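Working notes, beginning with the structure itself.
The values are calculated or read from the model by the stated rules, or taken from the named source; none is laboratory data. Because the structure is predicted, anything quoted here is derived from the model rather than measured. Don't worry about glycine lacking a Cβ; one is built from the backbone with ideal geometry, like all the others, and counts go over all protein chains shown.
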Ligand SMILES: NC(=O)c1ccc[n+]([C@@H]2O[C@H](COP(=O)([O-])OP(=O)(O)OC[C@H]3O[C@@H](n4cnc5c(N)ncnc54)[C@H](OP(=O)(O)O)[C@@H]3O)[C@@H](O)[C@H]2O)c1
């Protein structure tokens, strides 16, 4: 057990990568605090951890609310102890080009959850992390390095997240606090919960990307990625990059051949959006079989396959 008795807070622990990070941290002996909005799912994750002999505490948290973030850290301190490891995994993808958005809500929400939902717990846990020479791990995305057209809010928020934590790493170096960047690559949730996505109408959807593979890009299971992340946490590495080779090469090549790489990204984005459309259409039709005149998703024009 490489993290025995460490106190680890995991945001977005109710499903997907966060759930598996929490389970793997507990296997390494950490006391895990599970944060997300859906308490029932957090309780299920906590139950599976305790059934395997691990320790987990649930704190229902809305990361868009500063008071809720402050409480998350406060309850952790009182019930478990000062924070050693802060895993900032919660996130929401967005779908939509600027000309497709019906409201600016998807842009605001992406920044609120992906940036401030990571910044606020960090702010409140900072004293503990400095005192304990702790570790912050934040989960970014290829969209944090490359301009993912058609996913504007997501790209904006993940670029901002990278900027914040890259600079924070330098600020915290004299205090012995490490910052780990996790780029998980493209994943599907083994639990079938569906990835959290804000649509162009500003509503949140859970879209199960493991269902359809047609036109899609290769994906790995969240549980596989979580196991790779735990090694990086134990070794206090600077980053763990599970993105596919094409993305790694693209990020480097873009410095020298930006126009070429941008054209490839635009093509790829079209392909990914077609896959997303097919999944979202299917899920939407199952929920609302009839076309409704007041429903932005029913009325939107599907993206053609590039
Ligand atoms: N899936 C991919 O292919 C992929 C690729 C690159 C990067 N990533 C990044 O990896 C991380 C995990 O992705 P994932 O696919 O595992 O995500 P996911 O399955 O959609 O899960 C997102 C988690 O964030 C929580 N969350 C969302 N909004 C929240 C809020 N306002 N307050 C509290 N919790 C909130 C959700 O819980 P509740 O809904 O219960 O609140 C859920 O636990 C994210 O940061 C994502 O951007 C994912």
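Quick look at the numbers
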{"item": "Selection count where residues are touching a strand residue (DSSP E or B) at 6+ places or on another chain (Cβ under 9 Å) and either surrounded by fewer than 18 Cβ atoms within 10 Å (Cβ to Cβ) or at pLDDT below 95 (or both), scope the range 76-96", "result": "9"}
{"item": "Of the criteria (1) more than 24 Å from residue 193 (Cα to Cα); (2) touching a helix residue (DSSP H, G or I) at 6+ places or on another chain (Cβ under 7 Å), which one residue 15 fails", "result": "(1)"}
{"item": "Number of positions in the range 27-48 that are within 16 Å of the ligand (Cβ to nearest atom) and closer than 22 Å to residue 133 by Cβ", "result": "2"}
{"item": "Pair list, Cβ under 9 Å, 6 or more apart: the range 285-306 residue surrounded by 10 or more Cβ atoms within 10 Å (Cβ to Cβ), other residue at pLDDT below 60 and assigned to a loop (DSSP other than H, G, I, E, B)", "result": "305/215"}
{"item": "Filter result for the condition that a residue is closer than 24 Å to residue 208 by Cβ and either touching a strand residue (DSSP E or B) at 6+ places or on another chain (Cβ under 7 Å) or surrounded by fewer than 20 Cβ atoms within 10 Å (Cβ to Cβ) (or both), over 60, 51", "result": "60"}
{"item": "Residue within the range 16-26 that is assigned to a helix (DSSP H, G or I), without any contact (Cβ under 8 Å) to a residue 60 or more places away in the chain and surrounded by fewer than 24 Cβ atoms within 10 Å (Cβ to Cβ) present", "result": "no"}
{"item": "Tally of residues being assigned to a helix (DSSP H, G or I), within 12 Å of the ligand (Cβ to nearest atom) and touching a residue at least 24 places away in the same chain (Cβ under 8 Å) across the range 134-173", "result": "7"}
{"item": "Qualifying residue in the range 174-186 (condition: surrounded by fewer than 24 Cβ atoms within 10 Å (Cβ to Cβ), near the ligand (Cβ under 10 Å from one of its atoms), at pLDDT 95 or above and in a strand (DSSP E or B))", "result": "yes"}
{"item": "Selection status of residue 116, buried (at least 16 other Cβ atoms within 10 Å of the Cβ) and within 22 Å of the chain's Cα centre (by Cα)", "result": "yes"}
{"item": "Output for the range 229-241, where each listed residue is surrounded by fewer than 17 Cβ atoms within 10 Å (Cβ to Cβ) and either part of a helix (DSSP H, G or I) or at pLDDT below 95 (or both)", "result": "231, 234"}
{"item": "Residues (assigned to a strand (DSSP E or B) and either free of Cβ contacts under 8 Å to residues at least 24 places away in the same chain or within 20 Å of residue 230 (Cα to Cα) (or both)) located in the range 37-63", "result": "55, 56, 57"}
{"item": "Filter result for residue 222 (buried (at least 17 other Cβ atoms within 10 Å of the Cβ), under 19 Å from the mean Cα position of the chain (by Cα) and within 13 Å of the ligand (Cβ to nearest atom))", "result": "yes"}
{"item": "Matching residues in the range 80-107 - criterion: being in contact (Cβ under 8 Å) with a residue 24 or more places away in the chain and part of a helix (DSSP H, G or I)", "result": "98, 100, 105, 106, 107"}
{"item": "Residue check for residue 198: within 9 Å of the ligand (Cβ to nearest atom) and touching a strand residue (DSSP E or B) at 6+ places or on another chain (Cβ under 6 Å)", "result": "no"}
{"item": "Test: residue in the range 114-129 that is within 11 Å of the ligand (Cβ to nearest atom), in a helix (DSSP H, G or I), within 19 Å of residue 65 (Cα to Cα) and touching a strand residue (DSSP E or B) at 6+ places or on another chain (Cβ under 6 Å)", "result": "yes"}
{"item": "Residues being more than 16 Å from residue 50 (Cβ to Cβ), within 12 Å of the ligand (Cβ to nearest atom) and either outside any strand (DSSP E or B) or at pLDDT below 95 (or both) - total across the range 1-13", "result": "1"}
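Every residue, every condition in (1) crowded, with 22+ Cβ neighbours inside 10 Å; (2) modelled with pLDDT of 90 or more; (3) more than 19 Å from residue 119 (Cβ to Cβ); (4) more than 14 Å from the chain's Cα centre (by Cα), yes or no:
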{"site": "140", "(1), (2), (3), (4)": "yes, yes, no, no"}
{"site": "146", "(1), (2), (3), (4)": "yes, yes, yes, yes"}
{"site": "153", "(1), (2), (3), (4)": "yes, yes, no, no"}
{"site": "157", "(1), (2), (3), (4)": "yes, yes, no, no"}
{"site": "166", "(1), (2), (3), (4)": "no, yes, no, yes"}
